[in-house]
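One structure below.
The numbers here are math on the coordinates, done by the rules we state, and not lab data. Here the structure is a predicted model, which means the values were calculated and not measured. Neighbour counts run over all protein chains shown; Cβ positions are idealised from the backbone, glycine included.
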Amino acid sequence: MRRAVCPGSFDPVTNGHIDIVQRASALFDEVVVAVGVNQSKNRLFTAEERIDMLREACAPFDNVSVAGFTGLLTDFCAENGIQAIVKGLRAVSDFDYELQMAQMNNGLSGVETLFVPTNPTYSFLSSSLVKEVAAWGGDVSHLVPPVVLEALAERLKED
Ligand code: PNS
């Protein structure tokens, strides 16, 4: 059984993330989307909200599940029998930090990291920009799953 993880904060999940998850799901028997729940207090959505939105957005993929995690990603991988971390690379600017994390994770536990080049359609896309554009009333309907669009409208109405 080949099992991979797609980790991230997913605040919120974008179509760029979903593209990477879908492509990972075609390469592995099982994919776990792992939501880091403890990295920052500065989130628009709670961990539960981020996980729920991911579950709905990933529902079409039979071999994909979603879980929250705290602590080291390498520990999550060991506890869940995961051999590979799959990350999307949007541009060279992503590479420096991603390489550092990949090398650190490999040194910690031997887990491998596979980089998937982002679909050029989404190379400019980030959760931060989605939040900023949505906050100023811009149209992000082509950039996020419908469940996220609804959640953004609700959350930004409250602010
Ligand atoms: O969406 P992000 O913010 O790029 O996700 C980063 C994430 C969650 C993948 C990364 O911060 C992570 O793996 N955090 C868990 C803690 C950990 O293992 N840190 C050491 C990384 S080498």
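Brief remarks on what is shown
- Order of Met101, Met1 - criterion: other Cβ atoms within 10 Å of each residue's Cβ, fewest first: Met1, Met101
- Against the chain, whose longest principal axis comes from its Cα atoms, helix 15-27 is set at around 30 degrees.
- In degrees, nearest ten, helix 146-158 long axis to first principal axis of the chain (Cα): 50
- For the stretch 77-116: relative contact order, % (alpha-carbon pairs under 8 angstrom, 6 or more apart): 57
- Cα-based radius of gyration for the stretch 1-82, normalised by 2.2 N^0.38 Å, reads 1.02.
- Report note on the peptides 90-97, 24-31: ranked by the mean count of other C-beta atoms within 10 Å, highest first, their order is 24-31, 90-97.
- The sum of -39500 (n - 2.57) across all DSSP H runs of n ≥ 4, divided by the residue count of the chain, sets its helix-only mean residue ellipticity at 222 nm to -14000 deg cm²/dmol.
- Toward the positive end of the charge dipole of the chain, with +1 on the Cβ of Lys and Arg and -1 on the Cβ of Asp and Glu, the farthest Cα among Ser126, Met53, Asn42 is that of Ser126.
- Which of Met1, Val33, Leu108, positive extreme of dipole for the chain (C-beta unit charges): Leu108
- With respect to the chain, whose longest principal axis is taken over its alpha-carbon atoms, helix 47-58 is tilted by about 80°.
- Dividing the radius of gyration of the alpha carbons in the chain by their Kirkwood radius gives 0.95 for Rg/Rh.
- Tensor-based shape of the stretch 69-159 (alpha-carbon gyration tensor, a/c under 1.5 rounded, otherwise prolate or oblate): prolate
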